[in-house]
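The values are calculated or read from the model by the stated rules, or taken from the named source; none is laboratory data. In this text the structure is predicted, and so the values were computed from the model without any measurement. Here the Cβ positions follow ideal geometry from the backbone for every residue, glycine too, while neighbour counts run over all protein chains shown. Note: areas computed on protein heavy atoms with side chains; ligands, DNA, RNA excluded. Shrake-Rupley method; radii C 1.70, N 1.55, O 1.52, S 1.80 Å.
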Amino acid sequence: MTAPAHPDTQWPRWEVFKQDAPNRPYQAVGSVHAGDPDHALLTARNVFVRRPAAVSLWTVREADILTATPEEVEANPAVLDTPGEAGTYHLGLKRTHKRSMTFVDLVGTLEASGPGDALRQAREQHPDALTWLVFPESAVVRTDDDPGTVESWFAPAKDKTYKQQQYYGVIGRHVGELKREGRMPQRVNEEPHVGDHKVYDHPHDAVAKKVQP
Amino acid sequence: MTAAMTLTPNQTETLVRKLTALADDEIILAHRDGEWTGHAPILEEDIALANIAQDELGHAGMYLELRRELDGSDPDRLAFFRDVDGFTNVRLVELPKGDWAFTMLRQYLFDAYEALWLDAARASTYAPLTEVAAKAVREEKFHLQHTALWVERLALGTDESHRRTQNALNELWPYTAQLFQPVQDEEGLVEAGILPDLAGVRGRWEALVVPHLTQKCGLMLPAASAAAAAGRDTHTEHLAPLLAEMQSVARAVPNAEVW
């Protein structure tokens, strides 16, 4: 909402919210630049739905979204008075630092007299959130849910395999080969090795003490 | 293979010719689109056009797999080791990529044709083609939405974008006739219900693109040129340099197994 230090010289930015399956929450997956609502949706589909499954997309202009962290509200309580249209607001929350692909889940709607009021209610309802995000229902641009749209926008991605970078073992040895030889980490966050020698010990790798009967 | 056995030798030969022509259009167009990678007006459109190019290449792969079922030919050999004389793409797709208006308009004209051709091909009596058409038409309809949107915005944008779009239409329009020119003996496969009737596809194509270009986008259709005189064995001077680049890696390492 405040002017960024390096103003974006491109088209307006739109936040993209993706729903992976019916009855799942919409999740923020990133943003696109686009000249108008239709363009934003098409671009969002190209950028975020080529491989992963989706059944619906929303885009919302960045200018229509109000976000704040608890620290930001404390430093600038006036954000809770941000004026704007009264009506139904969507509420999104960031609750963890752990997830890499999505940052905010939309958790529901509330009636508010403006964005500041929506943020204030969000803060009261979800005091533990890391970030609150609100935007008015009127700002949402949605994909159609008719069969034709679902078939041409979302169905093709389901037939495509998502290949991680390591699938393309072009240079050197294929990673699968290294894995079979036990020379690759067996699980996420395993500590690095040089040859057979572990570089340093991590508490997670300590042998768990057996519980005495 | 059971479906292939119901074809006469002449039908098989014609179908191989048609599948190759369809694939060649897609391969060459995908390469032209791919030339924008890293150069499109904004990152999002760079990704979008690369997506479209990949889809088109995927369709080429499907057509060439159908051909492989008929004559055992290797799709990679066909794509990377045929010379310019062997390619049977329409001249529309080999023209240099031009500016963004040219690329978007060409892609729009082709997407509309391909979406309608595939839509008709879903009714083919040749089951392997029916299957491919049903799969590919979904992507093509999405491409069409994207490129129709761009043509509209460029045509109705600034004076400069309108001028560029009109120039692109003036240049591209005469080349579109070749899309509806049958390959040798194609009519036999149309009679057998194996391939869509191109005259019918052309009628639907004109009913779709002409109002979009003229009424919605305010563009002027150039005077209709004479029907495409030369066939798919005739190319512009632009195809050979394209193939030289496209095939360079495969030809430099002909025994490569992993890509």
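Please give the average number of partner chain Cβ atoms lying within 10 Å of the Cβ of each residue in B:42-50, rounded to a whole number.
Mean partner-chain Cβ count within 10 Å for B:42-50: 6.
Where nothing but the Cβ of Lys and Arg (+1) and of Asp and Glu (-1) is charged, how large is the charge dipole of region A:13-158 around its Cα centre, in debye to the nearest 20?
800
Region B:183-212 to region B:78-96: how many Å between their Cα centroids?
Between the Cα centre of region B:183-212 and that of region B:78-96, the gap is 22 Å.
Pop out a list of residues from region A:25-48 that are at least 50 Å² less accessible with all the protein chains around than in their chain alone; 1.4 Å probe, no ligands or nucleic acids counted.
Flagged in region A:25-48: A:His39, A:Leu42, A:Asn46.
Would you give the gap between the C-alpha center of region B:21-53 and the C-alpha center of region A:79-157, rounded to a whole Å?
For region B:21-53 versus region A:79-157, the Cα centre distance is 34 Å.
List the accessible area buried at the contact between B and A, summed over both sides and calculated with a 1.4 Å probe, in Å² to the nearest 100.
2000
Among B:Leu219, B:Thr165, B:Thr20, whose Cα projects farthest towards the positive end of the dipole of chain B, with charges put on the beta-carbon of Lys, Arg (+1) and Asp, Glu (-1)?
Value: B:Leu219.
May I ask which residue of A:His97, A:Leu133, A:Leu119 lies farthest towards the positive end of the charge dipole of region A:90-134, with charges of +1 (Lys, Arg) and -1 (Asp, Glu) on Cβ and the Cα centre as origin?
A:His97
Counting only heavy atoms of protein chains, what accessible area per residue, in Å², does chain B have with a probe of 1.4 Å?
I get 42 Å² per residue for chain B.
On average, how much accessible surface per residue is there in region A:13-158, in Å², for a 1.4 Å probe, leaving out ligands, DNA and RNA?
46
If you place +1 on the Cβ of every Lys and Arg and -1 on the Cβ of every Asp and Glu, how big does the dipole about the Cα centre of chain B come out, in debye to the nearest 20?
Roughly 440 debye, rounded to the nearest 20.
Would you kindly find the accessible area of A:Ser138, with a 1.4 Å probe and non-protein molecules such as ligands, DNA and RNA excluded, rounding to the nearest 10 Å²?
80
Explain nothing, just the number: dipole magnitude of region B:110-182 about its Cα centre with +1 on each Lys and Arg Cβ and -1 on each Asp and Glu Cβ, in debye rounded to the nearest 20.
So the magnitude is around 100 debye.
Which whole DSSP H helices in chain B pass both tests: a Cα extent of 27 Å or more along the axis and a mean Kyte-Doolittle value no lower than -1.0?
Result, helices passing both filters: B:9-34, B:43-71, B:100-121, B:127-155.
Report, as a whole number in µm² per second, the diffusion coefficient that Stokes-Einstein gives for region B:142-259 at 10 °C and 1.306 mPa s using the Kirkwood radius over alpha carbon pairs.
D, rounded to a whole number, is 90 µm²/s.
Taking 24 Å as the cut-off for C-alpha to C-alpha distance, list the pairs among A:Lys158/B:Lys141; A:Lys94/A:Lys160; A:Lys94/A:Lys179; B:Lys97/B:Lys141 that go past it.
A:Lys94/A:Lys160; A:Lys94/A:Lys179
If you roll a 1.4 angstrom probe over the protein chains with everything in place, what fraction of the accessible area of chain B belongs to carbon and sulfur, to the nearest %?
Of all accessible area on chain B, carbon and sulfur atoms account for 56 percent.
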